[in-house]
Amino acid sequence: MGRPSRIYIRAVGAYVPGKQVTNNDLASIVETSDEWIRSHTGIGSRHIAADNEATSDLAVGAVKDLLTNSGVPLDSIDGIVVATATQDFIGFPATACVVQTKLGLDKILAFDIAAGCTGFIYALEVARGLIGNGTLRNILVIGAEKLSAVTDWTDRNTCVLFGDGAGCVLVSAGGEGDLKDGNGDIMDSVLHAEGSGYDKLCIPKGGTSAPLTGNDTLLDSIKLCMDGRAVYNFAVRVLCEVIDELLQRNNLTMEQIDWIVPHQANSRIIQAAAKRLKIDQAKFFMNIESYANTSAASIPIAMKEMQERDLLKRGQLILTVGFGAGLTYGGNLIRW
């Protein structure tokens, strides 16, 4: 097959469920308020999937959006990588395999990546590697989450933070002569983890480390828990570190970067990082107000919105930055 001269994002897609839950809606079930949620997180509402809507359904919705708006033929896809922390099934099979069959595809590579909110960034680099070594040519990279299924809706500290949705990109091999086809060239990635913080953001029960007992119920026990202060401090620190690392290893200055697309976790994290780096906060694209934290889906959903709003221009340099459970973190450098 041969090694391609370009590896680029050919198309972008996104999907969110139709049901929108506002902060005022949440205030009717837990002790909180719209003012408190907005001032502490920047979130105004979130989309919540229906009971019969699985993570794979959200992923398929994003892929169909990508295919409809790009004209890319479905049968040209030869790989699917799904980044998710909320798989259709615990352990196995991979949600990517469910997505494969729901799309009507057959035999192509399909697997999941579990890297929390950093999952899309990890998956993008995995796809770049598979294409770069000549193994595949067109890989769907999908971030999809149904976090409402693992949210404790009685915990006012966490239930206000999360939403459901999916975003995806098609990463393709190309040559120097097809610059008009596709969007962003993936130039570099940095991927890291601090495993010592694994227990700061996790679903503590239901796995082999802490299996359910006879007194546990699946619905009540498989819920995420977070040390909010620890995660906040980690996120601000590593967001700054990733940006600095990508700039230094590519001999770039912040003035040369057109957009930073961060994981949409909390507006306060972005504000603190921007202040620490002495960056104009306007350089960070934020849409957390309408979607809340959709984990691995947040960056591709943001990219899709940026594309729809005509914010992405040919030749722009874009940094994606993520951080999440693991604790994982990383970023990608893309020339649009």
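Bear in mind that the values in this text are calculations on the coordinates, not laboratory data. Note that the structure is a prediction, hence the values are computed from the model and not measured. Because the Cβ atoms are built from the backbone with ideal geometry, glycine has one as well, and the counts that use them run over all protein chains shown.
Here are a few things to note about the model shown:
- Computed over the chain: relative contact order in percent, which uses C-alpha pairs under 8 Å that are six or more apart: 26 percent
- Only the Cβ atoms of Lys and Arg (+1) and of Asp and Glu (-1) were treated as charged; on that basis the dipole of the range 6-178 about its Cα centre amounts to roughly 420 debye.
- Note on the range 6-178: Kirkwood radius taken over Cα pairs, Stokes-Einstein applied at 25 °C and 0.890 mPa s, translational D equal to 145 µm² s⁻¹.
- Comparing L140, T208, A62 along the charge dipole axis of the chain, the residue lying farthest to the positive side is L140, per the Cβ-charge model.
- The value of relative contact order for the range 161-314, using C-alpha pairs under 8 Å at least six residues apart, is 32 percent.
- Extension gain (nm, one decimal) between R268 and S5, 0.36 nm per residue minus Cα-Cα: 90.7 nm
- The DSSP beta bridges internal to the chain are antiparallel in roughly 70% of cases.
- Proximal lysines relative to K283, as straight alpha-carbon distance under 27 Å, when same-chain residues fewer than 8 apart are discounted: K180, K275, K304, K313
- Under 17 Å from K19, Cα to Cα: lysines that are on another chain or at least 8 residues apart: K146
- Pairwise label distance in nanometres, D185 with Q281, each label 7 Å out on the Cα-Cβ vector: 3.5 nm
- Helix-only CD estimate at 222 nm, as mean residue ellipticity for the chain, using -39500 (n - 2.57) per DSSP H run (n ≥ 4): -9000 deg cm²/dmol
- Average projection, convex hull of the Cα set of the range 1-94: 9.9 square nanometres.
- Stretched out straight at 0.36 nm per residue, the stretch from M254 to R314 would grow longer than its current Cα-Cα span by 19.8 nm.
- Candidate membrane-span-like segments in the chain, meaning DSSP H helices with Cα atoms spread over at least 18 Å of their own axis and a Kyte-Doolittle mean of -0.5 or above, are 55-70, 119-132, 228-249, with no membrane implied.
- Positive dipole terminus of the chain, leading residue within I269, A27, C159 (C-beta point charges): I269
- Of all DSSP bridge pairs formed entirely within the range 184-335, close to 80 percent run antiparallel.
- Shape analysis of the range 184-335 yields a ratio of the Cα radius of gyration to the Kirkwood radius, Rg/Rh, of 1.03.
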